[in-house]
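Student: Got a structure here, written out as structure tokens. Questions coming.
The values are calculated or read from the model by the stated rules, or taken from the named source; none is laboratory data. If you're wondering where the values come from, they're calculated on a predicted model, not measured in any experiment. Neighbour counts run over all protein chains shown; Cβ positions are idealised from the backbone, glycine included.
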Amino acid sequence: MSGQAHKEMYFHGDGISLRFGGVTALSGVGFHVRRNSLQAIIGPNGAGKTSLFNVITGFYRMDEGEIHLDGSRISGLAPHVVSRHGIVRTFQNLEIFTNMTVLENVLTGSHLLAGYGPLDFFLRTRRFFREERELRERAEGCLDFVGLSAHRDLPAGQLPFGSQRLLEIARALAAEPRVLLLDEPAAGLNMKETSALGGLIRRIVDRGITVVMVEHDMDLVMRISDRVLVLNYGEVIAGGTPAEVQKDPAVVAAYLGEE
Amino acid sequence: MDGHNAGLLAFAAAAAVVPFLLPNDYYLTVLIVSGLYTILAVGLNLLMGYAGQASLGHAAFYGLSAYTTGILTGTHGWPVWAGIAAGLALSTAVAYLIAVPTLKLRGNYLAMGTLGFGIIVYIVFNEATELTGGPSGLTGIPKLNVAGKVFSSDREYYYVVWGAAILLFLLAQNLVRSRMGRALRAIHTSETAASVLGVDTQRYKIFVFVLSAFYAAVGGALYAHYVTFVSPSTFSFGTSVLLVTMVVLGGMASLWGAVLGALFLTFLPEWLRAIENFDILVYGAILIACMMFLPGGLAEGAERLWGAAASLLRRAGAAGRPAGGGSAG
């Protein structure tokens, strides 16, 4: 396989269909995400964007299709197994652990990066202390990265909404994902916050993480994405660079209605 | 050693001297019972307070262990250590078998499932007369003895029970302050987010359910070899509810809360005996008042009290001695 082709085939789904009874949420959807790039998924409400995320992360079982990450098949796996393959997501409606501090939230993100078991934590072995120290350093690094270090000991529920979004990203980064799925990361943010978020997402890609983002904010999508995939009524109607997609008549029709 | 262990050490030291300060042995009995309840409440708090999974049937694990060791040692003459080991093993094995299907349920359904299990076990204790002695109970259980040493006095047993309670508290605290403890609290707020981060939620829920049943089983075995008699009423639905009350009143997701809840709810009925006939009314009123003014439980109350005392001390220190006693303003 040539380098270019390998890059193309890093993270891809083929022929994904998802039906709820008689309703078709996804119909033969395919996507190809290059390693270390930012792929946006856009589409009108109800186009199937979040359904696609739920299929990728194993919360929905698709009726047809396959998903592969770097050569291994990840479709049909339970959510906690999918995350073991390095795919971690955030949520449109935040799923912050409000019963923990900011730092503890991020520590939980690194759950899989420590290997110690019951004997280690019950008996407080050296391995426990060593791995906990590593988790803590990683967590503090992630908080620093999103700019929440100052609030690390605050109960997470007390953070303002915009910071909670950042906390979810920090928590996901603490898992050291290969692929990070962001579900409407800019929803509910003001313009200034959205602009800062755009810079943050690009820096995540710079860290070597492949990012797939569902987003409604077109300015943000067009400004930072490498590739854009457009869904409508559960089908892919267009894909390409932001410039290509913006000119695509099918996309214009989907968003503005046909003449 | 960190602050958490220092607190526990101070508590252990206090527990060690308390028997010498008691006016009479009656309080020793109450303290032994509250030590048993502490073990149960700490275990149940891991399940309810941390992982957020309700159990309205925990008295069953308490009872299964007590009856198992009671029958094996009392009726069949097994050595006490073997009876206790069998009691712990049976109770935790049953907990595992119950956990696998039951923990697929959530919220009220999980509560109903565990409630049903508790009632079934209670009925078995009552009806399997040949084995359990039925409603009149099982007598002739030997006192705890280890390597020939019989723990026959209340004072000795006090140290056994509170020693076990403190050890199990330490283990629970070590669990809570680990990646597993964080995973359990994550399950409490969002199973979805926990699983996205790689937490095998079902496996962790089963683990903590079995662990909390193990705690209940330790309490049950220690109970059987203390009282030397077991009867079904000790392990009724009312006991399961009492345990839940201890956890909630003490403070969810607070191990110290579980200790406070167990002590408070064991001593309260004893204190209220003085006002017989009205005791149940006052008991209820106190519980309601606690939940109204201390939604975070007794642990929150103790924390607030501690904070107030500390700031008062600081202020007294800042006022300085030369100025003399400052006014309480």
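Student: Does segment B:183-216 hold any residues that are under 30 Å from B:I166 (Cβ atoms) and in a loop (DSSP other than H, G, I, E, B), and which are they? Quick ask: steps written out before the conclusion?
Tutor: Going through segment B:183-216, the residues under 30 Å from B:I166 (Cβ atoms) turn out to be B:183-189, B:199, B:203-216.
If the condition is that a residue be under 30 Å from B:I166 (Cβ atoms) and in a loop (DSSP other than H, G, I, E, B), then B:V199 is the only one that fits.
Student: Using the structure shown, decide if A:F128 is touching a strand residue (DSSP E or B) at 6+ places or on another chain (Cβ under 8 Å) and at the interface with chain B (Cβ under 10 Å from one of its Cβ atoms).
Tutor: Numbers: touching a strand residue (DSSP E or B) at 6+ places or on another chain (Cβ under 8 Å): no; at the interface with chain B (Cβ under 10 Å from one of its Cβ atoms): yes.
No; evaluated as a whole, the condition is false for this residue.
Student: What do you reckon, is A:L52 closer than 17 Å to A:M213 by Cα, of a type outside the set (K, R), at pLDDT below 95 and under 16 Å from the mean Cα position of the chain (by Cα)?
Tutor: Numbers: closer than 17 Å to A:M213 by Cα: yes; of a type outside the set (K, R): yes; at pLDDT below 95: no; under 16 Å from the mean Cα position of the chain (by Cα): yes.
Spelling it out, it is not the case that A:L52 is closer than 17 Å to A:M213 by Cα, of a type outside the set (K, R), at pLDDT below 95 and under 16 Å from the mean Cα position of the chain (by Cα).
Student: Shifting gears a bit: Starting from segment B:179-197, keep only residues that are more than 7 Å from every other protein chain (Cβ to nearest Cβ) and touching a residue at least 12 places away in the same chain (Cβ under 8 Å), then list their pairs with residues that are in a helix (DSSP H, G or I) and among the small types (G, A, S) whose Cβ atoms are within a distance under 8 Å, requiring at least 6 positions of separation or different chains.
Tutor: B:I187/B:A194
Student: Among (1) crowded, with 16+ Cβ neighbours inside 10 Å; (2) of a type outside the set (K, R); (3) over 17 Å from B:G219 (Cβ atoms), there is one condition B:I120 misses while meeting the rest; what is its number?
Tutor: Here B:I120 clears every test but (1).
Student: What are the residues in segment B:19-40 that are farther than 29 Å from A:T125 by Cβ and within 20 Å of the chain's Cα centre (by Cα), if any? Before the answer, list the steps.
Tutor: So the first thing to find is which residues in segment B:19-40 are farther than 29 Å from A:T125 by Cβ, and the list is B:19-34, B:36-37.
Residues satisfying the conditions are B:Y27, B:L28, B:T29, B:V30, B:L31, B:I32, B:V33, B:S34, B:L36, B:Y37.
Student: From the list B:L265, B:L281, which one is of a type in the set (A, V, I, L, M), within 18 Å of the chain's Cα centre (by Cα) and over 21 Å from B:R185 (Cα atoms)?
Tutor: Details: B:L281 fails: within 18 Å of the chain's Cα centre (by Cα).
After applying the criteria, what remains is B:L265.
Student: Here are some conditions: (1) at pLDDT below 95; (2) surrounded by fewer than 21 Cβ atoms within 10 Å (Cβ to Cβ). A:G43 meets all but one. Which one does it not meet?
Tutor: (2)
Student: Can you tell me which residue in segment A:201-216 is nearest to the chain's Cα centre (by Cα), limited to those that are surrounded by fewer than 20 Cβ atoms within 10 Å (Cβ to Cβ) and at negative phi?
Tutor: Across segment A:201-216, the extreme among qualifying residues is A:V205.
Student: Report, ordered by the first and then the second residue, all pairs with beta carbons closer than 7 Å, sequence separation of six or more or different chains, a first member in segment B:77-92 that is among the aliphatic types (A, V, I, L, M), and a second member that is not in a helix (DSSP H, G or I).
Tutor: B:V80/B:P142; B:V80/B:L144; B:V80/B:N145
Student: Something else now. Of all residues in segment B:216-251, which are surrounded by 22 or more Cβ atoms within 10 Å (Cβ to Cβ) and at positive phi?
Tutor: B:G251
Student: Related question: Check A:S110, A:S75, A:S51, A:S83 and return the single one that is touching a Pro at 6+ places or on another chain (Cβ under 9 Å) and either touching a residue at least 40 places away in the same chain (Cβ under 8 Å) or facing chain B (nearest Cβ under 10 Å) (or both). Steps first, please.
Tutor: Working: A:S110 fails: touching a Pro at 6+ places or on another chain (Cβ under 9 Å); A:S75 fails: touching a Pro at 6+ places or on another chain (Cβ under 9 Å); A:S51 fails: touching a Pro at 6+ places or on another chain (Cβ under 9 Å).
Being touching a Pro at 6+ places or on another chain (Cβ under 9 Å) and either touching a residue at least 40 places away in the same chain (Cβ under 8 Å) or facing chain B (nearest Cβ under 10 Å) (or both) holds for just one of A:S110, A:S75, A:S51, A:S83, which is A:S83.
Student: While we're on this one: Given (1) free of Cβ contacts under 8 Å to residues at least 60 places away in the same chain; (2) in a loop (DSSP other than H, G, I, E, B); (3) away from chain B (no Cβ under 11 Å); (4) not small (G, A, S), where does A:R138 come up short, assuming only one miss?
Tutor: Tallying (1) free of Cβ contacts under 8 Å to residues at least 60 places away in the same chain; (2) in a loop (DSSP other than H, G, I, E, B); (3) away from chain B (no Cβ under 11 Å); (4) not small (G, A, S), A:R138 fails exactly one: (2).
Student: Something else: Are any residues in segment B:143-184 surrounded by fewer than 21 Cβ atoms within 10 Å (Cβ to Cβ), of a type in the set (D, E, K, R) and farther than 17 Å from A:T125 by Cβ, and if so, which ones?
Tutor: Selection gives B:K143, B:K149, B:D154, B:R155, B:E156.
Student: Within segment B:213-227, is even one residue touching a His at 6+ places or on another chain (Cβ under 8 Å) and under 30 Å from B:G116 (Cα atoms)?
Tutor: Taking segment B:213-227 first, the residues touching a His at 6+ places or on another chain (Cβ under 8 Å) are B:213, B:216.
Filter again for under 30 Å from B:G116 (Cα atoms), leaving B:213, B:216.
Within segment B:213-227 (the criterion being touching a His at 6+ places or on another chain (Cβ under 8 Å) and under 30 Å from B:G116 (Cα atoms)), the answer is yes, since at least one residue qualifies.
Student: Let me ask another. Quick check on my filter: what residues within segment A:99-115 are modelled with pLDDT of 95 or more and either surrounded by fewer than 14 Cβ atoms within 10 Å (Cβ to Cβ) or not aliphatic (A, V, I, L, M) (or both)?
Tutor: A:T101, A:E104, A:N105, A:T108, A:G109, A:S110, A:H111
Student: Further question: A:D153 - would you say it is more than 19 Å from the chain's Cα centre (by Cα) and in a loop (DSSP other than H, G, I, E, B)?
Tutor: It is true that A:D153 is more than 19 Å from the chain's Cα centre (by Cα) and in a loop (DSSP other than H, G, I, E, B).
Student: Quick check on my filter: what residues within segment B:103-118 are touching a helix residue (DSSP H, G or I) at 6+ places or on another chain (Cβ under 6 Å) and touching a residue at least 60 places away in the same chain (Cβ under 8 Å)? Spell out the reasoning first.
Tutor: Residues of segment B:103-118 touching a helix residue (DSSP H, G or I) at 6+ places or on another chain (Cβ under 6 Å): B:103, B:105, B:113, B:117-118.
Those that are touching a helix residue (DSSP H, G or I) at 6+ places or on another chain (Cβ under 6 Å) and touching a residue at least 60 places away in the same chain (Cβ under 8 Å): B:L103, B:F117, B:G118.
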